1. Which distance in Å, rounded to a whole number, links the C-alpha centroids of the range B:1-67 and the range A:73-143?
2. What's the long-distance tail for the protein assembly as shown, i.e. % of Cα pairs beyond 25 Å?
3. What average number of partner chain Cβ atoms lie no more than 10 Å from the Cβ of the residues making up A:120-131?
4. Tell me which B residue has its C-beta closest to the axis rotating B onto A, and the distance in Å?
5. Please identify, among B:R74, B:R118, B:R102, the residue showing maximal mean-square fluctuation in a Gaussian network model of chain B using a 10 angstrom Cα cutoff.
6. Testing the spin-label approximation: label points 7 Å from Cα along Cα→Cβ at B:A60 and B:V28. State their distance in nm.
7. Tell me the mean residue ellipticity at 222 nm calculated for chain B from its helices only (DSSP H runs of n ≥ 4, each -39500 (n - 2.57), averaged over every residue, nearest 500).
8. Placing a label point 7 Å from Cα toward Cβ, how far apart in nm is B:N66 from its equivalents in the other copies, listed shortest first to one decimal?
Number of protein chains: 2
Amino acid sequence: MKNEIANEYINLIPNLFSSFSELNKNSVALTHIQSHVIEFVYMQKRALNLKEISSGLEIAKQQLTNIIADLEVRGYLVKAPDTKDKRAVLVSLTPKGEEIEREKWAEIYGRFSKSLDRLNDEEKVDLNFALHKVNVLLKKMEE
Amino acid sequence: MKNEIANEYINLIPNLFSSFSELNKNSVALTHIQSHVIEFVYMQKRALNLKEISSGLEIAKQQLTNIIADLEVRGYLVKAPDTKDKRAVLVSLTPKGEEIEREKWAEIYGRFSKSLDRLNDEEKVDLNFALHKVNVLLKKMEE
DNA sequence: GTATTTAGTAATAATTTTATTACTAATATT
DNA sequence: AATATTAGTAATAAAATTATTACTAAATAC
């Protein structure tokens, strides 16, 4: 049973991959790595310190000093001291930074809505229910 | 209804994002861009020409000439002339190239199986059913 | 059938990313 | 309390990526 579920999960990822590829598309002038940083912070939905970004994206923390500084100057993110760990700095997106991501998602959203037409009404109800269930349960598993 | 489904879909992506991040982890010595190329070809599950990879990853086709050549020399992929379009070249992964991806997926699989324990039996059944449904319907939508 | 567009290759310079070493200040270990 | 580890910064050289221009051969448009 457990294996069966894990296999379904693994299959899910390529099914979503086309949407993920969409995330490469940049409207503003960001380098690939800058995009990834913004995307990473956005996806985590919380402020992150440099170490977390560094290990999450497999890039050296020394690089991040510059990358973050540039993104901060350009108004995409802000740094704030971590009160829990006084060595650390917490990075979060500004509204301007979040806007970049939202634009990408709007396109994904649009494309998806369009291909929904290929399903009949019963299938749409099923998909809605199944997606909701998956989201609820995956979230529970994270806790 | 359509909006409701699209929203569930959009929510799904961040729920899978932690798994996607895992895909950054390289066991062999590949540059980030080389990894992305291999991952992209793997995800599409078919041979691709350079243009498709180029536009899918938002990198110039001129770059790919070198990247692909290097990956070919190192045995991760092969090029074959496209019989349909004699200008084009079709790139596909060798067993060695596929192995790189499979290793990453094995880890994702393992992690997922572990966190499955946080669900009770009924939830597991539900998740299995829902994931299966989502996969079937998403695939149908692609057609 | 000629003109235009497209897929791929090639070479170069500019920019970005990576790797290395070193340092400060705060935290964790003992 | 001394010691080791960790988060972040900084500077530099090496390597990888990006941008630009130009070219060939095949496909497409007219």
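FYI, it's all coordinate maths here, none of it is from the lab. On a predicted model such as this, the values are computed, not experimentally measured, just so you know. Cβ atoms come from the backbone with ideal geometry, glycine included; neighbour counts cover every protein chain shown.
1. The range B:1-67 and the range A:73-143 have Cα centres separated by 17 Å.
2. For the protein assembly as shown, the share of Cα pairs beyond 25 Å comes to 54 percent.
3. Across the residues of A:120-131, the mean count of other-chain Cβ atoms within 10 Å is 6.
4. Nearest residue, distance rounded to whole Å: B:A130, 2.
5. Sorting by GNM fluctuation, first place goes to B:R118.
6. The answer from the label model is 2.7 nm.
7. -23000 deg cm²/dmol
8. For B:N66, the inter-copy label distances come out at 1.8 nm.
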